[in-house]
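Undergrad: Sending over a structure as structure tokens; questions will come in a sec.
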Amino acid sequence: MPQSSIAENLPAAIRTTDDIGRLVQAQRRALGLRQLDLAGIGNTGNRLIVDIEKGKPTVQLQKVLDVLDLLGLELVVRQKHAGPP
């Protein structure tokens, strides 16, 4: 059974590719999808999903944005807040 969406934990500050990977994995699982399912929906290879979720820093940005879109997420850039993260 799918878990609830991660929407209650958003917005989330993303500072590393590992952060994006954890977010993608959590949302995919919340939607009840396997990596292979997401790859099929996105018409891409399973390796891309694995690489994103592992936080591989050399994955193409557009491909990450496409996967975020498939998961119902979007990237928003804003001014960084001063102080501790």
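The values are calculated or read from the model by the stated rules, or taken from the named source; none is laboratory data. Everything numeric here is computed off the predicted structure, so don't read it as measured data. Here Cβ is always computed from backbone atoms with ideal geometry, including for glycine, and neighbour counts include all displayed protein chains.
Undergrad: Quick check on my filter: what residues within the range 10-45 are aliphatic (A, V, I, L, M), surrounded by fewer than 14 Cβ atoms within 10 Å (Cβ to Cβ) and over 14 Å from L70 (Cβ atoms)?
TA: Across the range 10-45, the qualifying residues are L10, A12, A13.
Undergrad: When residues of the range 45-67 are filtered for being touching a helix residue (DSSP H, G or I) at 6+ places or on another chain (Cβ under 7 Å) and on the phi < 0 side of the Ramachandran plot, how many remain?
TA: 14
Undergrad: Go through (1) over 15 Å from G21 (Cα atoms); (2) in contact with a helix residue (DSSP H, G or I) (Cβ under 9 Å, 6 or more places away or on another chain) for L73 and report which single condition fails.
TA: Failed condition: (1).
Undergrad: Based on what the data block shows, is L61 exposed (fewer than 14 other Cβ atoms within 10 Å of the Cβ), within 30 Å of A82 (Cβ to Cβ), of a type outside the set (S, T, Y) and modelled with pLDDT of 95 or more?
TA: Considered against the rule, which asks whether it is exposed (fewer than 14 other Cβ atoms within 10 Å of the Cβ), within 30 Å of A82 (Cβ to Cβ), of a type outside the set (S, T, Y) and modelled with pLDDT of 95 or more, L61 comes out as yes.
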